[in-house]
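K.L.:
Quick one: structure below, then a few questions.
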Amino acid sequence: MSNSHVMNTYGRQPVTFSHGKGVWIWDEAGRKYLDAMAGIAVSGLGHAHPKLTAALTDQLGKLIHTSNLYGVRNQETLADRICALSGMEEVFFCSSGSEANESAIKLARYYAHQNGNNNAAIIVMERAWHGRTLATLSATGNRKAQAGFEPLVQGFVRVPYNDIQSIKQAADVNPNIAAILVEVLQGEGGIHVADIEYVRFLRKICDEKGWLLMLDEVQCGIGRTGKWFGFQHAGIQCDAMTLAKGLGSGVPIGACVAAGKAAHVLKPGTHGSTFGGGPLACRAGIATLAAMEDEGLLANATKMGEVIRNGFREALGGTPGFVEARGMGLMIGVELDRPCGGLVNLALEAGVLINVTADRVIRLLPPLVINEAESRELVARVSAVVKKFLSK
Ligand SMILES: Cc1ncc(COP(=O)(O)O)c(C=O)c1O
């Protein structure tokens, strides 16, 4: 594979894919792999889903791009749908998760200014991942990703994840806090699920203090955890939520969704995006949500997640080096007691695409269309590779 003119910002596996169908993907040499990554939680419908292909083909023949200087019908339709599913009020569309979080950060600052706070701080978490743009990188809790890009953007207060006491302490010492930005299930950080009472506490303290509760649902949203949005497991509402990844099934789209005191904060001229919410990307979003609903993919994510987690517990339980299988729905982490980045390549050789995050956690994000036989195949292939790796 020659990519000498491509800027070298990724450690790439030695494989290039040519096509896919459902959870399966083929490389240029014709070798077939089980895709347990779905392009990092993007291809929820799997590859080449016929309904998505038909919708996009139809849209391509009509309009790809106009501009946010005009009405965009698909944008309105998709915003209606997202608000109906989430109980929220309005959506700003952009083209990536980072951009969605930038929008939320700007929204929180603008909200603070309107309330007389000109030095707004946002509480963010250790191990959080919010993106690679400067503000979202600054919000991200990963020193390795930040190193060399200082000075970082100011205005973030970092606390340990899932720790009620540290939020109370931050509130006591900093009068300028305007919002909390948090993932209800940390993905890049190693598949850590927040306790339900912690999420409810965040809602409560935000209400008491007048802060915005802003949830980064870029990875855990759009059905991946078995509900449309991760926060719905806690039975709360948030003030702002960010989406991307699974929303467009691979057509770039991001969204910053607002409600209550976060709604109607941003006004004409305060924020924008040339590509955001274009007719093609929004058509992808509309078709994705419709197919997910038609095919019962939320229930499938819940069920297959259980099959896969239990499968790993059965296959690897008692194996020295296996710590646990955890997660929610089809956002799954298998933790080992040692760094295991080398497993990615071994799994590739065994015909399955996986990822390792936080050094020791195998991360699995298969398409939400995965069936039971495929789920069992995933467990069999990955656990065989893990056993071999751990026995060395
Ligand atoms: C929770 C979360 N937020 C934000 C992002 C950044 O999204 P993007 O890469 O689309 O900018 C990611 C990407 O992994 C993510 O997992």
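K.L.:
Please compare each pair in 144/303; 168/227; 21/245; 106/144; 245/387; 144/245 to a cut-off of 27 Å on the Cα-Cα distance and tell me which ones are over it.
P.N.:
On the way: 144/303 35 Å; 168/227 29 Å; 21/245 19 Å; 106/144 25 Å; 245/387 31 Å; 144/245 23 Å.
Cα-Cα > 27 Å for 144/303; 168/227; 245/387; rest within.
K.L.:
Okay, next question. Cβ under 10 Å from residue 241's Cβ, residue 241 left aside: what net charge do those residues give with Lys, Arg +1 and Asp, Glu -1? Could you put the intermediate results ahead of the total?
P.N.:
Numbers: positive: none; negative: 216, 217, 239.
Net charge around residue 241: -3.
K.L.:
Give the relative contact order (percent, whole number) for the range 318-364; include only Cα pairs under 8 Å separated by 6+ residues. List each step's numbers first, then the result.
P.N.:
Values: 72 pairs, mean separation 16.6, N = 47.
Across the range 318-364, relative contact order equals 35 percent.
K.L.:
Which one of 297, 317, 206 is farthest out on the positive end of the charge dipole of the chain, using unit charges on Cβ (Lys, Arg +1; Asp, Glu -1) and the Cα centre as origin?
P.N.:
The Cα lying farthest towards the positive end belongs to 317.
K.L.:
Considering the options 385, 140, 238, tell which one lies farthest towards the positive end of the dipole of the chain, charges being +1 on Lys and Arg and -1 on Asp and Glu at the Cβ, about the Cα centre.
P.N.:
Selected residue: 385.
K.L.:
Follow-up question, since we're still on this one. Only counting other Cβ atoms within 10 Å, I'd like 133, 225 sorted with the fewest neighbours first.
P.N.:
Details: 133 18, 225 27.
The most exposed by this proxy come first: 133, 225.
K.L.:
So if I take the centroid of the Cα atoms in the range 194-220 and the same for the range 55-111, what is the distance between those two points in Å?
P.N.:
If you average the Cα positions of each part, the centres end up 23 Å apart.
K.L.:
So, one more: Specify the residue with the greatest mean-square fluctuation among 50, 279, 367, computed from a Gaussian network of the chain linking alpha-carbon atoms under 10 Å apart.
P.N.:
So, out of 50, 279, 367, the one fluctuating most is 50.
K.L.:
Below 8 Å, C-alpha to C-alpha, sequence gap of six or more: please give me the relative contact order for the chain in percent. Walk me through the numbers before you get to the answer.
P.N.:
On the way: 794 pairs, mean separation 86.8, N = 392.
Answer for the chain is 22 percent.
K.L.:
If neighbour count is taken as other Cβ atoms inside 10 Å, put 322, 229 in order from fewest to most. Could you put the intermediate results ahead of the total?
P.N.:
Working: 322 20, 229 24.
Lowest to highest Cβ neighbour count: 322, 229.
K.L.:
Counting only DSSP beta bridges with both residues in the range 108-244, tell me the antiparallel percent, nearest 5. List each step's numbers first, then the result.
P.N.:
Values: 2 of 16 bridges.
Taking every DSSP beta bridge with both residues in the range 108-244, the antiparallel ones total about 10 percent.
K.L.:
Could you compute the FRET efficiency for residue 4 and residue 208, with r as their C-beta to C-beta distance and R0 at 51 Å, rounded to 0.05?
P.N.:
0.35
K.L.:
Considering only DSSP beta bridges whose two residues both sit in the chain, what percent are antiparallel, to the nearest 5?
P.N.:
Values: 32 of 48 bridges.
Around 65 percent antiparallel, to the nearest 5.
K.L.:
Okay, next question. Could you list 181, 266 in order of exposure, starting from the residue whose Cβ has the fewest other Cβ atoms within 10 Å? Write out the running numbers ahead of the final one.
P.N.:
Working: 181 24, 266 19.
The order, fewest Cβ neighbours first, is 266, 181.
K.L.:
For residue 68 and residue 17, compute 0.36 nm times the residue count separating them, minus their Cα-Cα distance, and round to one decimal in nm.
P.N.:
Numbers: separation 51, 0.36 × 51 = 18.36 nm, distance 3.44 nm.
Gain on stretching residue 68 to residue 17: 14.9 nm.
K.L.:
Quick query: amide H of residue 249 versus all other amide H atoms, modeled in the peptide plane; which residues come in under 5 Å with a sequence gap of 5 or more or a different chain?
P.N.:
44
K.L.:
Mind jotting down the distance between the C-alpha centroids of the range 172-190 and the range 307-346, whole Å?
P.N.:
Between the Cα centre of the range 307-346 and that of the range 172-190, the gap is 27 Å.
K.L.:
Continuing with this model, one more query. Give the residue list of trypsin sites (Lys or Arg not before Pro) in the range 1-83 that are DSSP loop and have at most 15 other beta-carbon atoms within 10 angstrom.
P.N.:
Values: sites: 12, 21, 31, 32, 51, 62, 73, 81; in loops: 12, 31, 62.
Passing both the DSSP loop test and the Cβ count: 12, 31, 62.
No lab work stands behind these numbers, since they all come straight from the coordinates. Worth saying up front: this structure is predicted, and the values here are computed from it rather than measured. Virtual Cβ from ideal backbone geometry, glycine too; neighbours counted across all protein chains shown.
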